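Encoded as structure tokens, the structure appears first; notes follow it.
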Amino acid sequence: MLRVMFRRILRSCLAAMIAALVTSPALPLPAAAVETGPVSKLPLPRYVSLKASRVNVRVGPGRQYAVSWLYLKPGLPVEVIQEYELWRRIRDSEGSEGWVYHSLLSGERTSIAAPWLKGKATMIDVHRSPAVDAPLAARLEPGVVTQVQECESGWCEITVSNRDGFVRQEDIWGVYPGEIFD
């Protein structure tokens, strides 16, 4: 019995050590991505979203590695920071990192309303047009997940609960500062 427990602990420690050797330190957030993934040829880092309703996050790039935690929310934005074969190292809005299989990710852009303000009595304004003085379309609690249609000039057009509107780019996590896309 003790021998089995020791083997499990040793296997878990070895998996963590190998993962540390295989992975590099977290990449800083660039103003514009310049590196491309060796497999996908897509920019690194880049934002994507979770496609599946159950996503295992592992300590290393393979099924042989232990599962660190499980995401249960499809559409959640994550940042791809590294690639290894068909595995992607991701980072979430809280800074947690791990490896997921590529087919569990989607190129659909989503965001989280000011996750750094979660738990505080504040709201994020969603305007009808991209201007601070524009009428409000909605107000979001920090932590609400939205779809992102496009970003330009410091504003992003989002959809949440069948409502469209514009939020300041700095009020959401899931797009880079100054990033432009449509």
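Only the coordinates and a few stated rules stand behind these numbers; no lab work does. Owing to the predicted nature of the structure, the values given are computational and were not obtained by experimental measurement. Ideal geometry is used to build each Cβ from the backbone, glycine not excepted, and the neighbour counts take in all protein chains shown.
Observations
- 10 Å binning of all Cα-Cα separations within the range 111-173, expressed as whole percents from 0 upward: 26, 60, 14
- The length gained by stretching the chain between Leu72 and Trp116 to full extension, at 0.36 nm per residue less their Cα-Cα distance, is 13.8 nm.
- Length gained when the stretch Ala131-Asn162 is fully extended (0.36 nm per residue, less Cα-Cα span): 9.1 nm
- By the rule of a C-alpha distance below 18 Å, with chain neighbours fewer than 8 residues away ignored, the aspartates and glutamates paired with Lys41 are Glu79, Glu83, Glu85, Glu108.
- Inter-site label distance for Tyr101 and Met123 at 7 Å from Cα along Cβ, in nm: 4.2
- Set of lysines near Lys118 by C-alpha distance (under 25 Å), chain-local residues within fewer than 8 positions excluded: Lys51, Lys73
- Cα gyration tensor, the range 99-138 - rounded (a/c under 1.5), prolate or oblate: oblate
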